[in-house]
Structures are given as structure tokens and as C-alpha cells.
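Supplied in C-alpha cells, the structure appears directly below.
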Amino acid sequence: MEQPPGYVAQGENKVCHLKKATYELKQNPQACFEKFSITIFGVGFHRCHSNYSVFVRRTKSGLVTLTVYVDILLTGSDLAGLVKTKGYLRRHFVTKDMGKPKYFLWIEVAHKKYSILLSQRKYVLDLLEETRLLECKPVSTPMEANVDLRFDGNHTLDDPGRYKRLI
């Protein structure tokens, strides 16, 4: 066994040999997600057809949904089902109940007495600040009408990701 390419430890010829994947390792998120999926399938959840990281369980009293994206958002209309699911997750994983969500997947969540309000205001303000467009005035049409946009091959974007987020 040899050190990986690009890694040079002066004066050392030692390497680590990993004998098996460990569930909690960040280096193996696919195995982690697969173990999580199998575990929650055991309590009656089904994967959502339109989104791979959303799991749903229908109960007599309503619906319980699990959304996995770094953190897990557990929500639904069946309060007893939510409590049961939290207990099940605690028995199988190290978990921490963070309470009502305030911010998840770039969406702010404001809780009212009988409803919730979802907003991307903070995300948009952060994006405008990042692109130095915070002081710009809003317009109904953000660019000239009937502009002929053609790719001439000469100009490339410095940061295509920033452009995609703005769009």
C-alpha cells in the first residue's frame, strides 16, 4: 500500500488501511444515506417519487414526512406519528431535537398561531449582497426587452454558479 498521489509526508512511509466503512464517516455519505433509508423503511416510510431525499408515511390520523438534507426535517399532520418517529430515530441513531425549524434549505420558516409562513427573503438578501446588487433599484423587467442573446464563444462567466443562483 502506498500514500495517495499528491500526499507527501516527509520522512514517513506509513498509511492507514480502512478495513470497513463506518456509518458515521463523512467520506461515505452514500452508505450513510442507504443505512438511514433502510432503517426508516422498517417503520413504514416510503421514498417520495419526485424527490429522492423525501420520505412519507401515511397513517390513520394523517401524514408524516421526513426531508433529509444534511439535517432532517420531520413534519406532518399526525402528532402521535411524529412522536413515534422521533422515538424510533433516537433508538437507531444519535439524534437531537432542534425544535421548530427557523431556516431549512434556504427557506425561512415563521411560525404563526394556526399557520406557518415560508420565505426566501434572507437568501435573496444574502445573494444580492454577495453580488454587490443590494443597492440596486427594482424594476419590472430586469433587462432590456428584445435583446438578441447569442453565444459568440468569446465571453465566459467568471462564476457560473453565482449567475445560476441569481437567475
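The values are calculated or read from the model by the stated rules, or taken from the named source; none is laboratory data. Fair warning: this is a prediction, and the values are worked out from it, not measured in the lab. Glycine also receives a Cβ, built like all others from the backbone with ideal geometry; neighbour counts cover every protein chain displayed.
Does Val124 count as more than 14 Å from the chain's Cα centre (by Cα) and surrounded by 12 or more Cβ atoms within 10 Å (Cβ to Cβ)?
Considered against the rule, which asks whether it is more than 14 Å from the chain's Cα centre (by Cα) and surrounded by 12 or more Cβ atoms within 10 Å (Cβ to Cβ), Val124 comes out as yes.
Restricting to segment 127-137, what's the tally of residues that are closer than 22 Å to Ile107 by Cα and in a loop (DSSP other than H, G, I, E, B)?
4
Got a sec? Which of Arg150, Arg91 is without any contact (Cβ under 8 Å) to a residue 12 or more places away in the chain, in the same structural domain as Gln30 (by TED's automatic domain parsing), loosely packed, with under 11 Cβ neighbours inside 10 Å and over 22 Å from the mean Cα position of the chain (by Cα)?
One residue alone meets the criteria, Arg91.
Further question: Go through the residues of segment 113-126 one by one and say whether even a single one is in contact with a Gly (Cβ under 6 Å, 6 or more places away or on another chain) and either part of a helix (DSSP H, G or I) or more than 22 Å from Val70 (Cβ to Cβ) (or both).
no
Against the conditions (1) without any contact (Cβ under 8 Å) to a residue 24 or more places away in the chain; (2) closer than 30 Å to Thr39 by Cβ, where does Leu105 fall short? Just the number, please.
Going through the list (1) without any contact (Cβ under 8 Å) to a residue 24 or more places away in the chain; (2) closer than 30 Å to Thr39 by Cβ, Leu105 breaks only (1).
Now, a different point. Suppose we keep only residues that are touching a strand residue (DSSP E or B) at 6+ places or on another chain (Cβ under 9 Å) and farther than 21 Å from Ser53 by Cβ within segment 96-119. Which one would you say is modelled with the highest pLDDT?
Ser119
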